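Nothing in this text is a laboratory measurement; each read-out follows from the coordinates by a stated rule. No experiment lies behind these values; they were computed from the predicted model shown. When we count neighbours, we look across all protein chains shown, and the Cβ atoms used for this are built from the backbone with ideal geometry, even at glycine.
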Amino acid sequence: MTAHNALIVDLPPLPEVSERNMNGITGLGHILAPGEIDISHGTILYLEDVTVSFDGFRALNKLTLSIDVGELRCVIGPNGAGKTTMMDVITGKTRPDGGKVFLGQTLDLTRMSEPVIARTGIGRKFQKPTVFENHPVWENLELAMKTDKGWLASLRARLDRSAQARIEETLELIRLQHDATRAAGELSHGQKQRLEIGMLLMQQPALLLLDEPAAGMTDHETMELAELLNKLRGTCSMMVVEHDMEFVAALSGATGKVTVMAEGSVLAEGTLDEVKRNEAVIESYLGR
Ligand SMILES: Nc1ncnc2c1ncn2[C@@H]1O[C@H](COP(=O)(O)OP(=O)(O)O)[C@@H](O)[C@H]1O
Ligand SMILES: [Mg+2]
């Protein structure tokens, strides 16, 4: 995944080569090869003192949080804690009133538009699955790969394994290899959720954000999803917002870090056992 401490991702299309030679690559605040996220300090995502107000109400209140490269971070917290708003800020959907939001060391996400952020390598899974219902499963994966991502992506696509191989590999990973030719609309809720994750994977994200991915799933589907996310460790960094504590336990294990949010900031951070024993967490979230 890494080469010289940098992830290769797709940045927005750059000017023609001659122009670039004249002007250098500007706007990144740092000299980087095109398409690299600087992870030299081991951090993929860094938020500091992020504040978002809606009509005077602080949905995020000096939120500070960072995620290591390759980490699978679970975020829990009561409704209204600001978890979804945090994802909106990371993906550029909501502009913070203040604070820092960085991808790696150098990419200031508060200065990038939503589509540009998506192309830098942040994939987001919303609560409801959004697949192309009338298209076969495999075609959903193919379509997800075919978004126009500029010259760098086309260049890399030629060097990449064949598209077919990647589709087959992903089908197996999301365990839909036997459903490849079915219309996506015929899949169960859990299968659709896995397909959507597969579609995000086709874009080779550096960071995946998943907002309550297990909502509405049966216990069995929930555990299948946990298994899939555990398999993705090392492929990309992940942030998973979830209420289902068994699911969180399956993802965080005994040593993974869990962040508890409340009232727009971090209330506690530690292993699941540690945060479960934290007085403030018991008070505001878990109940006695
Ligand atoms: N677009 C918006 N306009 C006004 N208030 C909002 C908006 N989005 C979120 N909020 C408020 O911000 C708070 C945090 O919401 P949210 O981020 O959805 O919390 P969570 O995902 O943790 O349940 C809630 O009180 C919510 O009502
Ligand atoms: Mg939410």
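Applying the Karplus parametrisation 6.51 cos²θ - 1.76 cosθ + 1.60 with θ = phi - 60° to the phi angles of the stretch 98-111, what ³J(HN,Hα) value in whole Hz is obtained for each residue in order, glycine and proline being reported as x?
Values, residue by residue: x, x, 10, 9, 10, 9, x, 7, 10, 8, 7, 5, 6, 10 Hz.
Note down the magnitude of the dipole of the stretch 55-110 about its Cα centre, charges +1 on Lys and Arg C-beta and -1 on Asp and Glu C-beta and zero elsewhere, to the nearest 20 debye.
The calculation lands at about 100 debye.
For the stretch 181-233, rounded, prolate or oblate, judged on the Cα gyration tensor with a ≥ b ≥ c (square roots of eigenvalues), a/c < 1.5 rounded, else prolate if a/b > b/c?
oblate
How would you rank 195-204, 36-45, highest first, on the average number of other Cβ atoms within 10 Å across their residues?
Going from most to least packed, we get 195-204, 36-45.
Which order do peptides 87-95, 55-63 fall in by mean Cβ count within 10 Å, highest first?
87-95, 55-63
Using Cβ contacts closer than 10 Å as the measure, can you line up S53, S237, S252, S162 from fewest to most?
Listed from fewest to most nearby Cβ atoms, that is S162, S53, S252, S237.
In the calculated pair distance distribution of the stretch 104-145, what percentage of Cα-Cα distances lie above 13 Å?
Counting every Cα pair in the stretch 104-145, those more than 13 Å apart make up 67 percent.
Over all directions, average the projected area of the Cα convex hull of the stretch 154-269 and note it in nm².
9.1 nm²
Rounded, prolate or oblate: which fits the stretch 39-155 when a ≥ b ≥ c are the square roots of the eigenvalues of the alpha-carbon gyration tensor, with rounded for a/c under 1.5 and prolate only if a/b beats b/c?
prolate
Dipole of the stretch 47-147 (Lys/Arg Cβ +1, Asp/Glu Cβ -1, origin at the Cα centre): which of G99, W138, F54 lies farthest to the positive side?
F54
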